[in-house]
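The values are calculated or read from the model by the stated rules, or taken from the named source; none is laboratory data. Since this is a predicted model, take the numbers as computed values, not measurements. Counting neighbours? That spans all protein chains shown, and the Cβs are built from the backbone with ideal geometry, glycine included.
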Amino acid sequence: MYKILKKEILHDIIYSMWIEAPEIAQSVQPGQFIILMIKEKGERIPLTVADFDRERGLIRIVFQIVGKTSEELSTLEEGDELYSFIGPLGKKTDIKNYGTVITVGGGTGIACIHSITRALKEAGNKVISIIGARNKDLIIMEEELKLASSELIITTDDGSYGRKGFVTQVLKEILYQDQNIKKIWTIGPAIMMKVTCETTKPYQVDTIVSLNSVMVDGTGMCGSCRVTIGGETKFVCTDGPEFDGQLVDWTEFMNRLIRYKEQEQRSWEIYQEHTHLCKCEKGIE
Amino acid sequence: MAEMIPVKERMKRNQVPMPEQEPKKRIYNFEEVPLGYTKKQAIREAQRCLQCKVPKCIAGCPAEINIPKFIEKIVEEDFAGAYFEILKTDDLPAVTGRVCPQEEQCQVVCILEKQGKPIYIGRLERFVADWARENNIHGKLSQINQKEQKVAVVGSGPAGLTCAADLAKLGYKVTLFEALHKPGGVLVYGIPEFRLPKSIVKYEINEIEKIGVKVITNFVIGAILSVDRLAKEYDAIFLANGAGAPRFMNIPGENLNDVYSANEFLTRANLMKAYNFPEYDTPIKIGKRAATIGAGNVAMDSARTALRLGAEKSYIVYRRSRKEVPARAEEVHHAEEEGIIFNFLTLPVKVLGDEKGNVIGMECLKMELGELDESGRRRPIPITGSNFVIEVDMVIDAIGTSANPIVAGSATRVEINKWGYFIVNEKTKATTKEGIYAGGDIVRGSATVISAVGDGKIAARAISEFLSSGKSLRKNR
C-alpha cells in the first residue's frame, strides 16, 4: 500500500512524489491535504495535495526538507512504501466562477496552489498566478503552473529569474491597476501569507490562506492545529485548511507553528549524525 | 484442582490484594502499575466465590460474562476452560479486566459486597486473559455457516471491536474501518500504557481478526468514503466512531503553545509513543509544572502521564470538591500515591503566557458549594475576589469530549441530537435509518469502555436479527 510510483527532485531540497492511493485519489478535491507516516515509529505529517490522477489512483505530494521526517522521506525511492497515508482531509477549496482571481504561491506553496489554480481556471475564471522564491533554482513546477493558469508571473528575491522582488510587490501592482480582482488565494510560508494579507487589505479583496499547522490525527480529534479566526477557535484540520486571511491571528499561529522547534532540531541532528555514520561505515567496507 | 472450601470459610476469608509497582519507582516509567495475580493468588481469590444459585454479578456485566462459571474453572485450575467461558461473550478480556469500573458493575452487586469484600472479578478476568495469552491458548473457531451478508463497522474502539467480533462469530462478513494507522480507538490513543499495555490490545485485536474480521486502517469514513456510499455496498452498518472532539474551557490564553487537550496530550504519548522521543519521531512538551483541568479518568491519565514524562509537580485542578470527583476511586488512589497534587474547588479563568506563547501560569478562582444542580451535585459557585495564580508551564484540558461531525456529516437520514450524537433506540441501537446502528461514545458522549462493549453486543444481536429477516441496506436504495 501507498507505494511511491514516481520520485523527482525539483531542487536540492524540494522533492515531488506520486503515491499510490486509489481511494483517496477518487475522492480528493483541490485544497485538501493528506497525512503520512514513513514508518511505525514516525510522526504524522500533513501535506497539501499538489496534484492527483483519479484514473491511475495517484496523489502527488511536494515537500521541502525542513527536518528529520522530510529528510528521511526524501531518501525513499520509487517502489518504496509509506507506512500510513490518510486523506483526503480538510475542506475543499470553494471553486466557482468568480471572474478574475489571483493565486499566489511561495516555496512549496507553489505546488499547493497548482491544483487550486487549475480548478479555478476550469471553472471559467481568469487566473493570474504569481509564484516566488529566493532564487531561480527554487522556482518549482513552472511548466505545470503555466498550463494551469491564464497568466503566470514569476518573482525571485535576488532577481536571478523573472521579476526581482517579492510576490507581494507584483500583487500590489496588479491590485492597484485592476479594480476587478474578485478573490485571492495565497499559500506559502506563514510570513509570506501574512504579508500578502497585509498587502491586499487596503484593496478589500477576499484573501484566502491555507494554514499548515502542527497536527497529530488530522481528523478533528486532538486540537493541536487550533487557530484563532476572527476571535473564535477553529481547527485547521476540519474547519480549514483554508481561512479568510484577514481574520487569522498570525502571532498565535506562528508561535504554535514552532512549538516543538527545539525537539525537532535535536531529532534532526541525531538523525543526521546517524546517517553520516552509516555512510562512513559503508565507505570503510 | 484446588480445594473447594466450605461456604462459611469463604465468607471469612479476606480479599486477595493485587501486587503493584511501588509508587516511587513507577513514576519514572510507563510500565503497568498493577502487576496481576499469580496462579496461587488467583485461585485463592476465586475460592471465595459463593457460586450463588441466582448470581447477580452476571446482570451487572454489560459484556454478559458468566462470571461464577469462569471463576469456578479457576478454582478447578482449568484456566483454559475459564478463558473459553469468558470468550463466549467478551473478546477483549485482558482489556475489560483492566479498565472496567467493576466496583460499579459486577462487583457492586456481589453478595459479598455487603461485607465490604466483593470478589475481585476484574482481577480474576485479567488473570485468565493474561494466562491464556502467555500460554498461547486461543479461542476455538466454532464451525458456523458462513453467511453472505456484509456488515461495515466504523471505528475500531471497544464498541466497534465487540460488534465486529460478535457478528463474525455469527458468520457475517465484517469489515472494520479505522481512521488512524492502528486499530483500537481509545484503547490505543487514550488509555496510557501504564494502565493498559498496547501489546495486549494488539494481541486481542489480532485474535478478533482471526475470527474473520477484516480490519482496514488509515481509512477515514466521511472523508474518503461517505456513510451513504457504504450503505450501497454493505447490508448493515454499525457506527462507533467515538466522541472524539476535544472540549476546551473557552478562557483567555487557551491557545498558548503549551496548552493541550487531553486527547492531543494522550495521543502523542500513547499512540505516537512520544515518551520514547527521539526514538519515536513525535515530540511532546515536558512540563516542569503541569496543570490538568478536570477530575475524570482521562484527567488522572493525563496528570500521571505528565508526571512520568518528567514534571516535578503535576496538579489536578477541579471546580468541585473531592466528593464529586468522577474518576474511579482506584485511579484517584493511584494518582495520590504518585504525588499528584489535587486542587479542589478551583476554577481556571485564564492561562497566562509570555510573548513567545509559552505558558507561565494559570489564574484561578476559589469556589464554594451551593445548592444542588440539575446533575444532583452541589453547584460550585466562584468566590468573588478570590483570584490566585498557580505557577505552571503547561496546561492540559481534560474536561470531556464532544461529537466529531465527520462521520455523521456523511450519513443522510441518520439523525443526531443537538450535541451531535446519534439518536438510537436503546434496545437495539438502531438509528433513524433502517439498517444503520450506532453505539459507544458517539451515542453516549464520554462514557466507559465497558458501556461501549455493551452497546456493541446489543447492536450485533439487532443487526443479526435485521439481516436474518431478509432485510438489507442495499435493498433500501
Legend entry - From A:Ile128, A:Ile102, A:Ile86, residue being within 14 Å of chain B (Cβ to nearest Cβ) and either over 30 Å from A:Met1 (Cα atoms) or among the β-branched types (Val, Ile, Thr) (or both): A:Ile86
Legend entry - Test result for B:Pro55, crowded, with 16+ Cβ neighbours inside 10 Å, over 30 Å from B:Ala306 (Cβ atoms) and in contact with a helix residue (DSSP H, G or I) (Cβ under 9 Å, 6 or more places away or on another chain): yes
Inset, instruction - Starting from residues that are surrounded by 19 or more Cβ atoms within 10 Å (Cβ to Cβ) and part of a helix (DSSP H, G or I), keep the ones in region A:12-26 and report whichever is farthest from the other protein chains (Cβ to nearest Cβ). - result: A:Ala25
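Return the only residue of A:Ile9, A:Ile59, A:Ile34 being in contact with a Ser or Thr (Cβ under 9 Å, 6 or more places away or on another chain), crowded, with 21+ Cβ neighbours inside 10 Å and among the hydrophobic types (A, V, I, L, M, F, W, C).
A:Ile34 is the lone residue from the list that is in contact with a Ser or Thr (Cβ under 9 Å, 6 or more places away or on another chain), crowded, with 21+ Cβ neighbours inside 10 Å and among the hydrophobic types (A, V, I, L, M, F, W, C).
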Inset, instruction - Kindly indicate which of A:Gly109, A:Gly31, A:Gly57, A:Gly99 is on the phi > 0 side of the Ramachandran plot and within 16 Å of the chain's Cα centre (by Cα). - result: A:Gly31
Inset, instruction - Give the residue, chosen from A:Thr228, A:Thr168, A:Thr219, that is in contact with a helix residue (DSSP H, G or I) (Cβ under 8 Å, 6 or more places away or on another chain), hydroxyl-bearing (Ser, Thr, Tyr) and away from chain B (no Cβ under 14 Å). - result: A:Thr168
Legend entry - Residue tally, condition part of a helix (DSSP H, G or I) and either within 19 Å of B:Asp166 (Cβ to Cβ) or modelled with pLDDT under 95 (or both), over region B:76-91: 5
Inset, instruction - Evaluate region A:250-261: report whether one residue or more is touching a Ser or Thr at 6+ places or on another chain (Cβ under 6 Å), facing chain B (nearest Cβ under 8 Å) and more than 22 Å from A:Gln29 (Cα to Cα). - result: yes
Legend entry - Condition check for B:Glu233: over 22 Å from the mean Cα position of the chain (by Cα), more than 23 Å from A:Ser224 (Cβ to Cβ) and either hydrophobic (A, V, I, L, M, F, W, C) or within 13 Å of chain A (Cβ to nearest Cβ) (or both): yes
Inset, instruction - State all residues of region B:246-259 that are surrounded by 24 or more Cβ atoms within 10 Å (Cβ to Cβ) and facing another protein chain (nearest Cβ under 8 Å); if no residue qualifies, say none. - result: B:Pro246
Inset, instruction - Could you please find all residues in region B:276-296 being more than 28 Å from B:Cys364 (Cβ to Cβ) and in contact (Cβ under 8 Å) with a residue 12 or more places away in the chain? - result: B:Thr282, B:Pro283
Inset, instruction - Go through region A:44-66 residue by residue and tally those that are within 14 Å of chain B (Cβ to nearest Cβ) and in contact with a strand residue (DSSP E or B) (Cβ under 7 Å, 6 or more places away or on another chain). - result: 7
Legend entry - When residues of region A:213-235 are limited to those that are under 22 Å from A:Thr196 (Cβ atoms), touching a strand residue (DSSP E or B) at 6+ places or on another chain (Cβ under 7 Å) and not small (Gly, Ala, Ser), the one surrounded by the fewest Cβ atoms within 10 Å (Cβ to Cβ): A:Lys234
Inset, instruction - Only one of these is farther than 22 Å from B:Ile316 by Cβ, more than 8 Å from chain A (Cβ to nearest Cβ), touching a residue at least 60 places away in the same chain (Cβ under 8 Å) and surrounded by 21 or more Cβ atoms within 10 Å (Cβ to Cβ): B:Ala269, B:Ala262, B:Ala240. Name it. - result: B:Ala240
Inset, instruction - State all residues of region B:340-388 that are small (Gly, Ala, Ser) and surrounded by 15 or more Cβ atoms within 10 Å (Cβ to Cβ); if no residue qualifies, say none. - result: B:Gly353, B:Gly357, B:Gly361
Legend entry - Single unsatisfied condition, B:Ala94 versus (1) within 21 Å of the chain's Cα centre (by Cα); (2) not in a helix (DSSP H, G or I): (2)
Inset, instruction - Name the residue, out of B:Ile191, B:Ile205, that is more than 28 Å from B:Glu465 (Cα to Cα) and more than 14 Å from chain A (Cβ to nearest Cβ). - result: B:Ile191
Inset, instruction - Using the structure shown, decide if A:Gly124 is modelled with pLDDT of 95 or more and not aromatic (Phe, Trp, Tyr). - result: yes
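Check A:Val214, A:Val167 and return the single one that is touching a Leu at 6+ places or on another chain (Cβ under 8 Å) and not charged (D, E, K, R).
Working: A:Val167 fails: touching a Leu at 6+ places or on another chain (Cβ under 8 Å).
Only one candidate qualifies: A:Val214.
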Inset, instruction - Answer with yes or no whether B:Glu32 is closer than 22 Å to B:Val453 by Cβ, at pLDDT 95 or above and either surrounded by fewer than 19 Cβ atoms within 10 Å (Cβ to Cβ) or not aromatic (Phe, Trp, Tyr) (or both). - result: yes
Inset, instruction - Determine, yes or no, whether A:Thr228 is touching a residue at least 12 places away in the same chain (Cβ under 8 Å), outside any loop (DSSP other than H, G, I, E, B) and either β-branched (Val, Ile, Thr) or at positive phi (or both). - result: yes
Legend entry - Filter result for B:Ile211 (within 16 Å of B:Val153 (Cα to Cα) and more than 8 Å from chain A (Cβ to nearest Cβ)): yes
Inset, instruction - Would you point out the residue of region B:403-461, among those that are touching a Cys at 6+ places or on another chain (Cβ under 6 Å) and under 19 Å from B:Gly244 (Cα atoms), that is surrounded by the most Cβ atoms within 10 Å (Cβ to Cβ)? - result: B:Gly456
Inset, instruction - Collect the residues in region A:67-83 that are surrounded by 15 or more Cβ atoms within 10 Å (Cβ to Cβ) and either away from chain B (no Cβ under 14 Å) or closer than 30 Å to A:Gln177 by Cβ (or both), keeping them in residue-number order. - result: A:Ser74, A:Leu76
